[in-house]
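One structure below.
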Amino acid sequence: MPPRNKTKTEDGTTPAPRRPTRAKTVKVAQTKSEESDPDSDPPPLKKGTTAVARHTGHQNVRGRRGGLADMPNMPLDVLIEIFGFLSPHDLLSLARTSRDFRAFLMSRAKSLAFWKAARQQIEGLPDIPAPLSEPAYANLLFFNHCHVWLSEGHRKPSGNMVPVDTLLQCMQERYSWQGVKDATIEEKKQFIEDRKAFVAERKKVAERLEIWEKSVKAQQDATKEAIREDRFTAVLDKLREEGWGEELDKMEQREQNRLHNIPAVCRPNKLTERGWCNMRTQVIEFMEQIRSQRLHAESDAIIKTRLGCLKKALYSYTQAEMLQSKDRIVYAKLADCAMIPEIRAVLEDTSQDVSAEQTIAQLIGMFPALVVRWNEERKSELATIIVKVLGNSDAAGVADPLNLALAHFMCRGCSGTCLRFPAILGHPCFRTRLERSRDRFQDAIIFALAHYSANLTIADTASHCMYEENMRKSMMFVREVIEACGCDPDSVTFAEMETCEGRLRCLLCAQVSQQTLFTWQSAIEHTVGTPGHHYVREPDICKITGEL
């Protein structure tokens with residue numbers, strides 16, 4: 001884009017650049033002030049001034065900008081009184097503002113007393129090194145000018161605490177011997193000793209200044225930490241005013257440290273209303289997260305305690321059932337019972353504070369009906385699988401397919417173990433491990449079961465012993481055995497087969513010198529357990545007749 005043509009006056013000269021208006025200057029100053037300190041409160045409204053007038057840029061500024069320009073014209077006694085309250089840093093900064101101040105403050109005869117008084121105000125500051133003047137010492141301590149690389153950005157005092165021209169001269173004499181190149185050997189040796197003493201003295205001064213600098217930094221850090229603690233206390237007071245007092249009282253030290261370390265909270269600035277408004281949303285979100293975590297932890301602790309009651313109740317109920325009859329086996333494990341809706345409601349209930357004995361008694365009273373229902377649900381699931389595997393055969397239409405002698409489940413993970421209902425409910429391959437999910441109750445149950453070293457598995461009809469291919473293979477072997485006994489596989493029940501007294505033998509495994517006899521169930525175990533050489537069309541199981 002070509003530059004704009006400058007307008008010229010009638011005499012051909014370019015007019016002076018236009019000076020910004022007072023309103024624009026005030027607006028820019030306010031914007032910079034707000035950006036530099038986001039926590040600072042806006043200046044209060046003056047009487048008769050509205051909030052709209054503040055942001056329009058037409059505010060009347062009392063006094064005149066740059067009023068300190070008249071400071072050199074102040075009476076000397078007033079200036080002396082002002083200088084008495086300034087630090088060395090302030091004096092040096094003031095000396096760099098104008099020629100008049102520089103001429104006055106750099107004069108030993110006029111300002112030496114001010115410099116000494118300003119330096120004595122700093123606690124613990126080492127005495128001034130011999131080669132340095134008061135202004136040079138102030139420049140070394142309080143300004144970020146490196147005396148080695150002659151650049152900005154360094155604050156640590158250097159061992160070469162001499163003015164720049166002296167430093168360069170010393171370095172040149174030290175390394176190039178320009179000052180003593182024509183001297184005698186003794187003079188050169190003496191020069192070396194002098195330079196060693198010079199460097200040793202500078203190192204001592206540097207060590208003293210480093211100790212002082214560390215003490216000043218520690219004091220500044222302590223001051224900032226005190227301001228942070230005051231700000232954190234003010235944030236806690238604000239939270240208590242908004243109703244978070246109970247949550248703050250229940251917070252652990254680790255959670256308080258997390259709240260303290262929020263960037264908006266740990267600033268070394270005094271908390272203002274504007275600063276609280278800026279950080280309020282972030283702090284409230286943190287408190288809501290802490291409250292949610294606390295409630296979850298309390299709920300998990302209750303579930304953990306009541307799961308122990310459930311474990312005792314289940315043990316008592318199982319022992320009572322086995323004492324009544326050896327066939328009354330409770331196959332439901334601790335995890336199975338915990339996932340039953342009615343028992344889950346008891347474990348999750350936090351509305352009333354009940355004792356462990358009351359919880360155990362309540363659970364024992366619920367077990368008989370719930371365990372029977374759990375068994376019936378598992379039985380229905382297994383019956384559905386059996387009917388699906390039987391397909392269009394006549395056995396699929398019976399009322400209770402699990403009563404058929406054909407209803408066997410083969411587990412390929414246990415060397416071809418053949419199982420029936422209800423024994424399959426206690427088989428480990430029929431169960432699956434509880435996994436973490438979005439259900440917090442299930443996660444709490446997993447951690448609680450791990451605490452009690454309990455079984456983390458529940459009954460699962462989708463386990464690998466329920467595969468249809470395995471089921472079809474096992475039923476093929478079972479059907480062959482039942483037919484060898486002279487019964488109809490599609491109608492004979494397990495109880496009827498138990499009355500069969502015939503014995504069977506395997507034609508493929510029989511030998512002339514030795515033959516093994518099987519009952520109908522042991523024959524099933526034999527064929528299922530060694531299926532490799534039983535895949536033949538002819539029957540390999542036959543019933544024993546009068547002669548072998």
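The values are calculated or read from the model by the stated rules, or taken from the named source; none is laboratory data. These figures come from a predicted structure and were not determined experimentally. No Cβ is skipped: glycine too gets one built from the backbone with ideal geometry, and neighbour counts run over all protein chains shown. Areas reflect the complete protein model, heavy atoms only, side chains present, ligands, DNA and RNA absent. Shrake-Rupley method; radii C 1.70, N 1.55, O 1.52, S 1.80 Å.
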So Ile385 fits all but one of (1) over 17 Å from Ile303 (Cβ atoms); (2) in contact with a Leu (Cβ under 9 Å, 6 or more places away or on another chain); (3) surrounded by 17 or more Cβ atoms within 10 Å (Cβ to Cβ); what number is the exception? (2)
Take Arg267 and decide whether it is within 30 Å of Leu141 (Cα to Cα), of a type outside the set (S, T, N, Q), assigned to a loop (DSSP other than H, G, I, E, B) and open to solvent by 40 Å² or more (accessible area, probe 1.4 Å). yes
Quickly run through the range 90-131 and pick out the residues that are over 20 Å from Val78 (Cα atoms) and assigned to a helix (DSSP H, G or I). Arg119, Gln120
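Residues checked against (1) charged (D, E, K, R); (2) in contact with a helix residue (DSSP H, G or I) (Cβ under 6 Å, 6 or more places away or on another chain); (3) open to solvent by 60 Å² or more (accessible area, probe 1.4 Å); (4) over 15 Å from Ala448 (Cβ atoms):
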residue	(1), (2), (3), (4)
Gln324	no, no, yes, yes
Lys333	yes, no, yes, no
Gln362	no, no, yes, yes
Leu390	no, yes, no, yes
Does Leu239 meet the test of being open to solvent by 40 Å² or more (accessible area, probe 1.4 Å), part of a helix (DSSP H, G or I) and of a type in the set (A, V, I, L, M, F, W, C)? no
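Residues checked against (1) small (Gly, Ala, Ser); (2) assigned to a helix (DSSP H, G or I):
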site: Ile329; (1), (2): no, no
site: Asp336; (1), (2): no, yes
site: Val346; (1), (2): no, yes
site: Ser351; (1), (2): yes, no
site: Ala361; (1), (2): yes, yes
site: Leu370; (1), (2): no, yes
Restricting attention to the range 82-120, and to residues there that are closer than 13 Å to Ser133 by Cα and of a type in the set (Ser, Thr, Tyr), which single residue is least open to solvent (accessible area, probe 1.4 Å)? Ser111
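Results for (1) more than 30 Å from Glu123 (Cα to Cα); (2) at pLDDT below 95; (3) open to solvent by less than 60 Å² (accessible area, probe 1.4 Å), shown as yes or no for each residue.
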| position | (1), (2), (3) |
| --- | --- |
| Arg208 | no, yes, no |
| Asp221 | no, yes, no |
| Glu246 | yes, yes, no |
| His260 | yes, yes, yes |
Every pair of residues 6+ apart whose Cβ atoms lie under 6 Å, when the first sits in the range 494-523 and is of a type in the set (A, V, I, L, M) while the second is modelled with pLDDT of 75 or more and in a loop (DSSP other than H, G, I, E, B): Met497/Ala405; Leu517/Arg503
What single numbered condition from (1) open to solvent by 20 Å² or more (accessible area, probe 1.4 Å); (2) aromatic (Phe, Trp, Tyr); (3) closer than 30 Å to Lys224 by Cβ fails to hold for Trp276? (1)
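One line per residue, one yes/no per condition, for (1) open to solvent by 50 Å² or more (accessible area, probe 1.4 Å); (2) farther than 26 Å from Glu483 by Cα; (3) modelled with pLDDT under 80:
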{"residue": "Pro341", "(1), (2), (3)": "yes, yes, no"}
{"residue": "Glu348", "(1), (2), (3)": "yes, yes, no"}
{"residue": "Thr359", "(1), (2), (3)": "no, yes, no"}
{"residue": "Phe367", "(1), (2), (3)": "no, yes, no"}
{"residue": "Gly397", "(1), (2), (3)": "yes, no, yes"}
{"residue": "Cys418", "(1), (2), (3)": "no, no, yes"}
{"residue": "His427", "(1), (2), (3)": "no, yes, no"}
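Among residues belonging to the range 455-478 that are open to solvent by 70 Å² or more (accessible area, probe 1.4 Å) and in a helix (DSSP H, G or I), point out the one that is modelled with the highest pLDDT. Reasoning before the result, please.
Here is the first cut: in the range 455-478, the ones open to solvent by 70 Å² or more (accessible area, probe 1.4 Å) are 455, 462, 467, 469, 472, 476.
Subsequent filtering for residues that are in a helix (DSSP H, G or I) retains 469, 472, 476.
Values: Glu469: 70, Arg472: 76, Met476: 80.
The residue in question is Met476.
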Does any residue of the range 280-287 turn out to be open to solvent by 40 Å² or more (accessible area, probe 1.4 Å) and either at pLDDT below 90 or touching a strand residue (DSSP E or B) at 6+ places or on another chain (Cβ under 8 Å) (or both)? no
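Could you list, in sequence order, all residues of the range 121-137 that are open to solvent by less than 70 Å² (accessible area, probe 1.4 Å) and acidic (Asp, Glu)? Explain how you work it out, then say what you get.
Keep residues of the range 121-137 that are open to solvent by less than 70 Å² (accessible area, probe 1.4 Å), which gives 122, 124-126, 128-129, 131-137.
Hit for the range 121-137 is Glu134, nothing else.
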Limited to the range 423-454, what total is found for residues that are within 14 Å of Ala338 (Cβ to Cβ) and part of a helix (DSSP H, G or I)? 12
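Do the conditions hold for Glu288, that is, is it part of a helix (DSSP H, G or I), without any contact (Cβ under 8 Å) to a residue 24 or more places away in the chain and within 36 Å of the chain's Cα centre (by Cα)? Walk me through it before giving the result.
Values: part of a helix (DSSP H, G or I): yes; without any contact (Cβ under 8 Å) to a residue 24 or more places away in the chain: yes; within 36 Å of the chain's Cα centre (by Cα): yes.
In short, yes.
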